[in-house]
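Below is one structure, written out as structure tokens; the observations come after it.
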Amino acid sequence: MKAKKHPMSMVQRALVYASAVIVFGVLIALIVYILVMGVPNLKLSMFAWNYNSENLSMLPAIINTLTMIALTLLMAVPFGIGAAIYLVEYAKRGSRLVKLVRLTAETLSGIPSIVYGLFGYLMFVLACGMDNSMLAGALTLAIMVLPTILRTTEEALQAVPDSYREGSFGLGAGKLRTVMRIVLPAAVPGIFSGIVLAIGRIVGETAALIYTAGTVTGVADGLLGSGRTLAVHLYCLLNEGLYTKEAYATAVILLVFVIGINALSSAIAKRLAKR
């Protein structure tokens, strides 16, 4: 009780509440602004299958975005989770290799996306001869989100109590069985949090994809076909300066898209955690 009445405690509590209110207020203001500016400009023609200068359809971009998410996660998730399992469960704790991998992952997380885009352009588009394609974009994004998935999965595995492992070993289970049947299921919510963060970065990425996946307006023709995602579509509309209203409408769909994916991922994580 005395600590609560202390002047510094009251000041700190007031600052925490004020910070929460400011963050929440900015978020609500941003969402309301996008909805007010974008919803009146939504048209049914913007969801046509074929894009042209009259309808400015975003449906091809939505399909390309879903394809990009699937390809990127297919390549990044197995490597990220596998590397995290090795670092936590098999590698010697505190070893130089573990410290080096963590330092590298943290360094890669701070690199601007434009640098990843230039790397993907030089490596996948030019050196590997993929041209501007969905595959080149997915490979670039996989490298971008891999550190996020690795670190969040590692933290989720470390949060699992050692008593779970000891109990499994005491019942005669081996290392691999303990990891797959005991540790991983307990860490599922944390792992899904990392995947959700990765999806958010994939959906909102523009700089890296402009150099690798390209800006073709139609649905990508296969893995080696070029196509723009929803975020790139929004950027191109604003960059041209002639379709500001359509850009706001696209921002509404992008907002709904991100919220929907996050809600779906959270629901799946909760269901898996209950099981």
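The values are calculated or read from the model by the stated rules, or taken from the named source; none is laboratory data. The structure presented is a predicted model; accordingly, all values stated were derived computationally and were not measured. When we count neighbours, we look across all protein chains shown, and the Cβ atoms used for this are built from the backbone with ideal geometry, even at glycine. Each accessible area value is taken on the protein alone, full model and side chains, heavy atoms only, with ligands, DNA and RNA left out. Shrake-Rupley method; radii C 1.70, N 1.55, O 1.52, S 1.80 Å.
Results, tabulated for the structure shown:
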read-out: Among residues of region 52-70, those that are open to solvent by 30 Å² or more (accessible area, probe 1.4 Å) and at pLDDT 85 or above, counted; value: 5
read-out: Helices (runs of 4 or more DSSP H) wholly inside region 99-205 containing at least 2 residues that are within 30 Å of Lys270 (Cα to Cα) and basic (Lys, Arg); value: 175-178
read-out: Counted residues, region 55-76 - those being within 14 Å of Gly227 (Cα to Cα) and in contact (Cβ under 8 Å) with a residue 12 or more places away in the chain; value: 13
read-out: Options Leu223, Leu230: the member that is in contact with a Leu (Cβ under 9 Å, 6 or more places away or on another chain), surrounded by fewer than 21 Cβ atoms within 10 Å (Cβ to Cβ) and modelled with pLDDT of 85 or more; value: Leu223
read-out: Pair list, Cβ < 8 Å and 6+ apart or interchain, from region 98-112 residues that are under 11 Å from Leu87 (Cα atoms) to residues that are open to solvent by 70 Å² or more (accessible area, probe 1.4 Å); value: Val98/Lys92
read-out: Region 107-137 - residue that is at pLDDT 85 or above and surrounded by fewer than 12 Cβ atoms within 10 Å (Cβ to Cβ) and, of those, nearest to Arg151 (Cα to Cα); value: Thr107
read-out: Residue, least open to solvent (accessible area, probe 1.4 Å), within region 206-220, restricted to residues that are part of a loop (DSSP other than H, G, I, E, B) and among the hydrophobic types (A, V, I, L, M, F, W, C); value: Ala213
